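Worksheet: the structure to be examined is printed underneath.
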Amino acid sequence: MMLRIKRVPTVVSNYQKDEAEDGGCGRNCLRSCCLYKAKLPLYAYKVVENIDSEMVSPAYEDDNPSVDFLNSVVLAEWEDRMQRGLFRYDVTACETKVIPGKHGFIAQLNEGRHLKKRPTEFRVDKVLQPFDENKFNFTKVGQEEILFQFEPSETDVAQYLPSAPVNAESLQSVVAINVSPIEYGHVLLIPHILEPFPQMIDSQSFLVALYIAVEARSPYFRVGYNSLGAFATINHLHFQAYYLELPFPIERAPSKKIATTTNGVTISDILNYPVRCLVYEGGNSLKDLSNVVSYSCICLQENNIPFNVLIADSGRRIFLIPQCYAEKQALGEVSSGLLDTQVNPAVWEISGHMVLKRKEDYEGATEEKAWRLLAEVSLSEERLQEVKELIFATICNDTDAEAEAVANDTIATPTHDNVDFLPSPRAKMVPV
């Protein structure tokens, strides 16, 4: 099955200003030197209590909303940047196919990305590393790469302003193009862009990422996150998202509930999939779901466990995927055949969208080969159980609830050096 995607003419180059205009450093960047007169589009999203099923359905009309967030804002602005030649290559020219088999793995041939993508500039054996101003960060990108500011609305409706002043004191999150895209509409969500925050999840930023999935109202627009050690390449807090009108194999995998928090969030094991992972759903509110997942991520960060996150189904399901591929690479435990593919299994590859860099791998792609690669990413059953115990110890309220959540096994409560990372109050766990 060959995919058909909308193709937009583009000039393969990077836009940069050669001379300063009205002062500044001449690069039209996001630092104080260039922000004082800046104006950028602004999308103010509606703050909601719950992800209502009607809200995320294609038929949802919200009393004839004035803004179609996905098509009229995200994708329209993304296509505008294509026409202006801001991307390093034309991703719409990349071949894509569904690999035959029951799981429906997706393969893309992207021969230019590994040659033109920004190289990793930090260690891969530490999940938490300090922000380094001297290395690339998103304040150095040109304002032309920013699609819009993304902030909560002060009213009960979403609003879009094509041009709004940028206040360096209050600028929160922005959505920007990924200049080395994987797929159509590939963007970056950068929370607190002007703050020196490393690639490290916090509860407030994760909720913003969840809102962008909710606002898109499409199961084909997913949001992803890669930690350091799990193939993030920039140590400045960011999420990724793109549009692909196919189900991901991980979304189709069966699951088995293992616990439910007292605020209604269910946690399940994913079954019959090459990468062992957890999926979170439900919750009494959107914030409840966000908090339980973000505290789980914080637990992994503080225990130096690399992980990826996929926000799917318009924010209703969130996959948390601890992984060990980089560790196996360092120990020489990955076969030369897999290393030769040069595939770095980050969130999109793990979810089943395989970005291949060699034509021979694309033409010879099979379900068995995809499964074999992803199996190397996965923790063992024993190691995943240890990880689940750490997570449950973090999100449970007391040791009795912790023991109940993991079938009366003994749990060692993790140490948190930063008390701000701990949820307050923490959700209790009940057996399923």
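The values are calculated or read from the model by the stated rules, or taken from the named source; none is laboratory data. Values in this document were obtained by computation on a predicted structure and should not be read as measured data. Please note: Cβ atoms are built from the backbone with ideal geometry, for glycine as well, and neighbour counts cover all protein chains shown. All accessible areas refer to the heavy atoms of the entire protein, side chains included, with ligands and DNA or RNA removed. Shrake-Rupley method; radii C 1.70, N 1.55, O 1.52, S 1.80 Å.
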| request: Specify the residue that is farthest from residue 151 (Cα to Cα); the eligible residues are those in the stretch 69-97 that are basic (Lys, Arg) and surrounded by fewer than 18 Cβ atoms within 10 Å (Cβ to Cβ). | output: 97
| When both residues are 6+ apart or on different chains and their Cβ atoms are under 8 Å apart, which pairs have a first residue that lies in the stretch 222-237 and is free of Cβ contacts under 8 Å to residues at least 40 places away in the same chain and under 13 Å from residue 345 (Cα atoms), and a second that is open to solvent by 10 Å² or more (accessible area, probe 1.4 Å) and not β-branched (Val, Ile, Thr)? | none
| request: Output the number of residues of the stretch 336-348 satisfying the condition of being of a type in the set (S, T, N, Q) and either open to solvent by less than 30 Å² (accessible area, probe 1.4 Å) or without any contact (Cβ under 8 Å) to a residue 12 or more places away in the chain (or both). | output: 2
| Do we have residue 334 as touching a helix residue (DSSP H, G or I) at 6+ places or on another chain (Cβ under 6 Å) and among the β-branched types (Val, Ile, Thr) here? | yes
| task | Kindly establish whether residue 3 is surrounded by 12 or more Cβ atoms within 10 Å (Cβ to Cβ) and either closer than 21 Å to residue 173 by Cβ or modelled with pLDDT of 75 or more (or both). | result | no
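Limited to the stretch 366-395, what total is found for residues that are aromatic (Phe, Trp, Tyr) and open to solvent by less than 10 Å² (accessible area, probe 1.4 Å)?
Within the stretch 366-395, residues that are aromatic (Phe, Trp, Tyr) and open to solvent by less than 10 Å² (accessible area, probe 1.4 Å) number 1.
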| note | Selection from the stretch 206-255 of residues of a type in the set (Lys, Arg) and touching a strand residue (DSSP E or B) at 6+ places or on another chain (Cβ under 7 Å) yields 222
| When residues of the stretch 233-252 are limited to those that are open to solvent by less than 10 Å² (accessible area, probe 1.4 Å) and not in a strand (DSSP E or B), the one nearest to residue 71 (Cα to Cα) | 244
| task | Enumerate the pairs (first residue in the stretch 295-323 and touching a residue at least 24 places away in the same chain (Cβ under 8 Å) and more than 17 Å from residue 251 (Cα to Cα); second residue anywhere and part of a helix (DSSP H, G or I) and open to solvent by 10 Å² or more (accessible area, probe 1.4 Å)) with beta-carbon separation below 6 Å, excluding pairs fewer than 6 apart on the same chain, so at least 6 apart or on different chains. | result | 298/421; 299/390; 303/390
